[in-house]
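First comes the structure, then the notes that go with it.
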Amino acid sequence: MKKGTAFIGAFLVMIICSSPIAAAEKGKVGPWVKINEKDGIVAYARDNSRVPLKEGRCVGVINSSAENIENMMRDWDAYLKVLFMAKEAHPATGPFCKPGPDTYCAYLRQGAPWPVEDRDGYGTLNFYVDKPTGEVLVKVTVGENTMPLTKNVTRLPFCEMEWMIRPIDANHCLVVYQLMMVPGGSIDKLPKSVINWSMKHFGILTFENIRKLAKQDKYKHAKGYITKTDWPADLRYYIEDINTSDYKIQK
């Protein structure tokens, strides 16, 4: 596939994976189905009643400690380098969020190829740790609020991302990236081939960015976890079905 088509296709998964519907805290979900694999990174998709198309997940091993990746996820600059076509990622203030040591209030903006408008939203980044296992959950939630709209940018009504980090040993961890969203705006009906390509490759592209970033010196020297808030029992279902032995350490 030509580079330009790939560029647009990777963005389109962000804007087609759902449509404006009410989002319940949990929805009826189908089984995860493997749709792609590259360099030990495995991409999955599943039906979720909260969104009309697919929810996506990518799983793989990072050659870095869980503490390093948890520290990385608290760096605003990291989101600009990991999230595809990210234009802005920075703290924000407003009634939509109450900040705390383990809660970041955020403004996120993602670029888009012409003629599609950029997407943006205000939301929260909540950090949790399971102290007995060292597992970390970073839950990103963007929702409707009263913050002023940005000119020529479509506001995201709803988006959820989860980053789950499980230690393997001192130098390796398993990372799970999960995503679903309501894009807002009006998008023309897209060819099925574009949708299929996007679902297969977007998560893997994002995961490859995490691996690249983990090699940078600034993300190699964490001295323990920053997060103190316990991972709530009602959110443990995010990682209960992940078997670490299914994913191999890459040389």
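Bear in mind that the values in this text are calculations on the coordinates, not laboratory data. Predicted model, so just to flag it, every value in this text is computed and none were measured. No Cβ is skipped: glycine too gets one built from the backbone with ideal geometry, and neighbour counts run over all protein chains shown.
Each residue of segment 205-215 in turn: what ³J(HN,Hα) in whole Hz from Karplus with 6.51, -1.76, 1.60 and θ = phi - 60°, glycine and Pro shown as x?
Taking θ as phi minus 60°, the curve returns 4, 5, 5, 4, 5, 4, 4, 5, 5, 5, 7 Hz for segment 205-215.
Mind listing the long-range amide H neighbours of Ser64? Cut-off is under 5 Å, sequence gap 5 or more, other chains count too, H placed in the peptide plane at 1.01 Å from N.
Correct list: His172, Cys173.
Taking the highest mean first, how do the peptides 232-239, 35-42 order by number of other beta carbon atoms within 10 angstrom per residue?
35-42, 232-239
Round to the nearest 0.05 the FRET efficiency obtained for Val29 and Trp114 when R0 = 41 Å and r is the Cβ-Cβ distance.
After rounding, the FRET efficiency stands at 0.70.
In Å³ and rounded to a whole number, note down the convex hull volume per residue for the Cα atoms of segment 108-171.
105 Å³
Tell me, what HN-Hα J-couplings in whole Hz come from the Karplus equation 6.51 cos²θ - 1.76 cosθ + 1.60 at θ = phi - 60° for each residue of segment 72-82, using x for Gly and Pro?
My calculation for segment 72-82 gives 4, 5, 9, 9, 4, 4, 5, 5, 5, 8, 8 Hz in order.
Two decimals is fine: what is log10 I(q)/I(0) at q = 0.22, 0.26 Å⁻¹ for segment 26-77, from a Debye sum with one equal scatterer on every Cα and no solvent?
The Debye formula, applied to the Cα set alone, gives -0.86, -0.90.
Taking 0.36 nm per residue of separation and subtracting the Cα-Cα distance, what length does fully extending Arg236 through Leu80 add?
53.4 nm
Considering the Cα trace of segment 68-148, what is its radius of gyration and what is Dmax, both in angstroms?
13.9, 49
Residue by residue, what Karplus-based ³J(HN,Hα) values in Hz, rounded to whole numbers, does segment 36-44 have, using 6.51, -1.76 and 1.60 with θ = phi - 60° and x for Gly and Pro?
Rounded to whole hertz, the list is 6, 8, 8, 6, x, 8, 10, 9, 10.
For segment 82-123, count all C-alpha to C-alpha pairs, find those more than 11 Å apart, and express that count as a whole percent of the total.
Within segment 82-123, distances greater than 11 Å cover 65 percent of Cα pairs.
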